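The structure under discussion appears below in the form of structure tokens.
We did not get these values from a lab; they are worked out from the coordinates using the rules stated. Owing to the predicted nature of the structure, the values given are computational and were not obtained by experimental measurement. Counting neighbours? That spans all protein chains shown, and the Cβs are built from the backbone with ideal geometry, glycine included.
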Amino acid sequence: MNPVDEAIQSRRAVRAFLPTPVPLETVRHLLAVASRAPSSSNTQPWNVYALTGEPKERLSAAILKARREEPPEAHTPEYQSYMKEWREPYISRRRATGWGLYNLVGVTKGDREGARRQMERNYTFFDAPVGLIVTLDRDLELGSWVDLGTFLQNIMVAARGHGLHTCPQAAFMDYHTIIRAQLGVSEREIVICGMAIGYEDTSKPENSLRLERAPVDAFTRFFGF
Ligand SMILES: Cc1cc2nc3c(=O)[nH]c(=O)nc-3n(C[C@H](O)[C@H](O)[C@H](O)COP(=O)(O)O)c2cc1C
């Protein structure tokens, strides 16, 4: 297969990682490659906080402590990730994703404790050795959010070129106050997401999740071909 197609198509959200470290030079390289992403007028709006070792463990511990000891309303997301009134085709896709994952890890309908446990895995970056927190300056407009998406995808595809896998994680935005306190993220920035980076643990059932995509003709209209 064409290596670019291969990198893109082998990317998926991996939710269990090996402890194998990822060196600073590799992380730096991935970010440098990813920064070739296009952005409106080359504004390059992304900010990245890259963590490994003790600072990563400390952030995870603080978030997990907050989840266990504080009421949920103490930590609220900074932005709305999902549509308020779900409708097709999105609702079916969301359900297929949730149940696809839950079935693999043995969370059954009504098993709130199991669902909570799986959600919690986000906050250790699914045990990946490297975690990124990605922010945007708050005064940027929607176009910069599009720009950020191109950058995030570049990191994930570049990671494949080094045998690494990733998981983008909006889950982190709920804990922006803890992230701000620990990493010195200013109120002028919005915490957009996290990202786990590492080597896939192929023995874990959650990593066998393969999610389908709608065919090209379902989302494209061709003119003049
Ligand atoms: C912006 C963004 C945020 C995401 N946040 C999370 C998250 O918090 N936790 C998680 O497990 N997966 C998260 N995902 C991964 C998606 O669930 C996943 O990409 C989608 O279900 C398609 O699966 P695939 O990437 O394996 O093909 C996120 C993806 C994106 C693009």
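Over region 68-107, the fraction of Cα-Cα pairs per 5 Å bin, rounded to whole percents and listed from the shortest bin up, is 5, 17, 15, 15, 21, 22, 4, 0. When only Cα pairs below 8 angstrom with a gap of at least 6 residues are kept, the chain shows a relative contact order of 39 percent.
The modelled label-to-label distance between Ser81 and Arg36, using points 7 Å beyond Cα along the C-beta direction, is 3.0 nm.
Counted by neighbouring Cβ atoms within 10 Å, the residues Cys167, Cys193 run from fewest to most as Cys193, Cys167. With both labels modelled 7 Å from their Cα along Cα-to-Cβ, the Arg93 to Phe219 distance reads 0.5 nm.
When Lys and Arg each count +1 and Asp and Glu each count -1, what net charge do the other residues less than 9 Å away from Glu189, Cβ to Cβ, add up to?
+1
What shape does region 2-56 take by its C-alpha gyration tensor, where a ≥ b ≥ c are the square roots of the eigenvalues and a/c under 1.5 counts as rounded, a/b above b/c as prolate, and the rest as oblate? Please list the in-between numbers first.
Numbers: a/c = 2.12, a/b = 1.17, b/c = 1.81.
Taking the square roots of the gyration eigenvalues as a ≥ b ≥ c, region 2-56 is oblate.
Per the helix-only calculation at 222 nm, which mean residue ellipticity applies to the chain, given -39500 (n - 2.57) for every DSSP H run of n ≥ 4 and division by its residues, nearest 500 deg cm²/dmol?
Helices in the chain give a 222 nm mean residue ellipticity of -12500 deg cm²/dmol.
Sorting the segments 43-52, 183-192 by their mean number of nearby beta carbons within 10 angstrom, highest to lowest, gives 43-52, 183-192.
When the Cα gyration tensor is reduced to axis lengths a ≥ b ≥ c, the ratio a/c is 1.5 or higher for region 96-225, and with a/b not above b/c it is classed as oblate.
Quick one: Arg68, Arg221, fewest Cβ neighbours within 10 Å first, how do they rank?
By the 10 Å Cβ count, ascending: Arg221, Arg68.
If you take the Cα centroid of region 169-189 and the Cα centroid of region 133-167, the two points sit 16 Å apart. Comparing Glu85, Glu57, Glu113 in a Gaussian network model of the chain (Cα springs below 10 Å), the most mobile by mean-square fluctuation is Glu85. Computed over the chain with a Gaussian network model linking Cα atoms closer than 10 Å, the most mobile of Val134, Val14, Val33 is Val33. When the chain is treated as a GNM, springs tying every alpha-carbon pair under 10 Å, which of Pro89, Pro205, Pro38 comes out with the largest mean-square fluctuation? Most flexible of the set in this elastic network: Pro89.
Would you mind classifying the chain by shape? Square roots of the alpha carbon gyration tensor eigenvalues, ordered a ≥ b ≥ c; an a/c under 1.5 is rounded, otherwise it is prolate if a/b is larger than b/c and oblate if not.
Rounded, since a/c falls under 1.5.
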